[in-house]
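Below is one structure, written out as structure tokens; the observations come after it.
Only the coordinates and a few stated rules stand behind these numbers; no lab work does. Here the structure is a predicted model, which means the values were calculated and not measured. Quick reminder, even Gly has a Cβ in these numbers, built from the backbone with ideal geometry, and neighbours come from all protein chains shown.
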Amino acid sequence: MSEYIKIFSAVIICCIVLTFVREVKKEYSLIIVLLCGSAVLTYVIRDFSVIINLINDFTDKSGASKTGIGILLKAVGISVVCQFACEVCTDSGNRLLQFSVELIGKIAILLTSLPLVSTIIKIVTDYIK
């Protein structure tokens, strides 16, 4: 837990530095946001492996399908990366790029989840018959 307090503290310090940098050199603020955001994402992704291992243990013990869990984890990963990219676009003042990234993320999640949707449709149609 103290690791996350350190992360929150670093982000707050980054925000304070950003307020001063934006007044002096606005173009440097985007670089600082990218560096700080990338560092936080890298740290969180490292901890994400613990969650994946726990989910794998759960699916092994319960006999649940790993395909569905894998699709869910991919969708969560896509949404996290897209949210980060959208926030960077917003900070840089590129509303059109933000919309484009959101659209690409939604399409990517939809494409990723198609196998799961087709499995659900197959189960429902088999149940109806």
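Data overview
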item	result
Mean separation of Cα contacts under 8 Å (6+ apart) over length of the chain, as relative contact order %	20 percent
Part-to-part distance (alpha-carbon centres) for the stretch 55-123 and the stretch 25-40, which is given in Å	25 Å
Dipole of the stretch 37-90, positive end: most advanced residue of Ser49, Ile71, Gly37 [Cβ charges, Cα centre]	Ile71
Rh (Kirkwood; distinct C-alpha pairs) - the stretch 65-129, Å	13.3 Å
Inter-site label distance for Val50 and Lys25 at 7 Å from Cα along Cβ, in nm	3.8 nm
For the stretch 1-62: Kirkwood Rh in Å [reciprocal of mean 1/r, alpha carbons]	13.7 Å
0 to 90° range, to nearest 10: angle between helix 66-91 axis and the chain longest Cα axis	20 degrees
Nearest 10 degrees, 0 to 90: helix 26-62 Cα axis against the chain principal axis	30 degrees
For the chain, convex hull volume per residue from C-alpha positions, Å³	118 Å³
